[in-house]
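Chemist: This is the structure I want to talk about, given as structure tokens.
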Amino acid sequence: MNPHEDTAEEPVKPASAPREFATTHWSLVVSAGSDSPRGREALSELCHSYWYPLYVFVRRRVNSAHDAQDLTQAFFLHLFEKHAISRADRTRGRFRAFLLTALKHFLTNEWEKNRAGKRGGGTVPLSLDFESGESRYQIELTDTGLSPEKLFDRRWVLTLLDQVLGHLRNEVEESGKGPYFEALKSAILGETTMSEYEEAGRELGISASAAKQAAYRMRNRYRQLFRAEVARTLDDESEIDDEMRQIMEILREN
């Protein structure tokens, strides 16, 4: 899957950029650090979205799934403490790099302190699906040749792409064309033959050329959402193209 490539023959006017992505992850961190209820709620949603790459990093550092779950939960609760959030330096650039650095610091310096109050020590923990996360981790053990850092980067990128695909699915469904997403999903993520467009067209009750054009529009919107989501992880918009290049390099790594 390459968000930069397209084979469609007819140009399609791109949709407008998503306004809902104006808030960056850094903005959420800063607002959460100032005890803004809205900011802390948004940060909680962010943690729910991107917890798995962090869990994978911890899981590669410890032998016990139970310990990895406790540590991941404790790390997020640590982030929600005002003093921890306030140390975030948004000028350092990439949000994924900040999270990984913060996690390493936590594991090195604060493991024992937080283990005494497992899963929050009286604070309501985040409701994370560790059971499915561990099952997924076991399935993905083919990536054992990667270092914990590279594995974190790869899981982060794949999670980001899943988030983008989910946003696109929601948009298509809200427009009343949910079946289009399901029929043309493969065309959004990769190359599609004309016979596959014909099959999708029969399923949707449209011509193969109309199915191809609909797929092109969704692919174009997918790129916009992808770029917008990457932008949310940065403080400086001038770094978007460089970050996207790094993302593609991460995807190409074995």
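Chemist: Could the peptides 219-225, 102-108, 50-56 be put in order, highest first, of the mean number of other beta-carbon atoms found within 10 Å of their residues?
Modeler: Packing proxy ranking, top to bottom: 50-56, 219-225, 102-108.
Chemist: Once you have the Kirkwood Rh of region 147-254 from its Cα pairs, apply Stokes-Einstein at 10 °C and 1.306 mPa s and quote D in µm²/s.
Modeler: So the translational diffusion coefficient is about 105 µm²/s.
Chemist: Can I ask one more? How big is the dipole moment of region 147-254 about its Cα centre under a simple scheme where the beta carbon of each Lys and Arg is +1, that of each Asp and Glu is -1, and everything else is neutral? Debye, nearest 20, please.
Modeler: I would put it at about 420 debye.
Chemist: Tell me the relative contact order for region 147-254 as a rounded percent, counting alpha carbon contacts under 8 Å between residues six or more apart.
Modeler: Answer for region 147-254 is 30 percent.
Read the figures in this text as sums done on the coordinates, not as results from a lab. Just so it is clear, the structure is predicted and the values come from calculations on it, not from any experiment. Every residue, glycine among them, receives a Cβ derived from its backbone with ideal geometry; neighbour counts consider all protein chains shown.
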